[in-house]
1. If amide H atoms are built 1.01 Å from N in the plane of the peptide, which residues on other chains or at least 5 residues away come under 5 Å of the amide H of VAL88?
2. Report the net charge of residues surrounding TYR31, where surrounding means a beta-carbon distance below 14 angstrom and charges are Lys +1, Arg +1, Asp -1, Glu -1.
3. Using a Cα distance threshold of under 25 Å, what count of lysine pairs results for the chain when pairs must be 8 or more residues apart or interchain?
4. Where only protein heavy atoms count, and the probe is 1.4 Å, what is the accessible area per residue for the chain in Å²?
5. Dipole of the chain (Lys/Arg Cβ +1, Asp/Glu Cβ -1, origin at the Cα centre): which of LEU1, TYR78, SER39 lies farthest to the positive side?
6. Would you calculate, for the chain, the mean residue ellipticity at 222 nm contributed by helices, counting each DSSP H stretch of 4 or more residues as -39,500 (n - 2.57) and dividing by all residues, to the nearest 500?
7. Over the chain, what lengths in whole Å, largest first, do the semi-axes of the equivalent ellipsoid take, defined as the square roots of 5 times the eigenvalues of the alpha-carbon gyration tensor?
8. Just reorder PHE112, PHE101, PHE64 by solvent-accessible area, largest first, 1.4 Å probe, all chains present.
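The values are calculated or read from the model by the stated rules, or taken from the named source; none is laboratory data. Everything quoted here is computed from the prediction, not taken from an experiment. Every residue, glycine as well, gets a Cβ built from its backbone with ideal geometry; the counts of neighbours run over all protein chains shown. Accessible surface is based on the protein model in full, side chains and every heavy atom, while ligands, DNA and RNA are left aside. Shrake-Rupley method; radii C 1.70, N 1.55, O 1.52, S 1.80 Å.
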Amino acid sequence: LQKTWILLHVTACVVVGKTLLILFPEAMKRYILKQGEKSRMNQNPKFSYENWGPTFFSFKYLLFVLKVKWKRLEDEAYEGHPAPNTPVVTSNGEVRQLLDFVQDNRPLILNFGSCT
């Protein structure tokens with residue numbers, strides 16, 4: 001049911017976005033560039049709007065957003081339910097699944113931190 005809701009929501013957003021992009025190309029370009037400022041992708045001089053702007057609201061965009069949102073459904077953790085088996089990167093750069101680290105009946109403790 002959640003995947004269906006996400007499909008309908010993302011499809012509606014893409015249809016509306018694509019329609020607005022066709023009807024008001026300059027206004028949508030300003031809007032998309034404004035969104036790019038939030039992610040700081042506008043700061044790269046080699047990465048111009050013409051490279052990525054037209055991909056917004058395309059079929060590939062729709063599929064990518066669906067894939068990301070559906071994958072995030074699997075990553076949600078709820079008290080009393082099994083842990084999600086999300087991909088993790090080890091300290092030596094190897095990509096593994098979280099539950100690969102479970103050993104017998106021992107609890108798995110995740111420690112998040114950073115160093116500067």
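1. Those lying under 5 Å, H to H, from VAL88 are ARG96, GLN97, LEU98.
2. On the way: positive: LYS18, LYS29, ARG30, LYS34, LYS38; negative: GLU26, GLU37.
Overall, the nearby charge balance is +3.
3. Here the count comes out as 29.
4. It amounts to 84 Å² per residue over the chain.
5. Value: SER39.
6. Taking each H run of at least 4 residues, the total per residue is -16000 deg cm²/dmol.
7. Values: eigenvalues 272, 88, 24 Å².
Its equivalent ellipsoid spans semi-axes of 37, 21, 11 Å.
8. Values: PHE112 175, PHE101 75, PHE64 130 Å².
Correct descending sequence by accessible area is PHE112, PHE64, PHE101.
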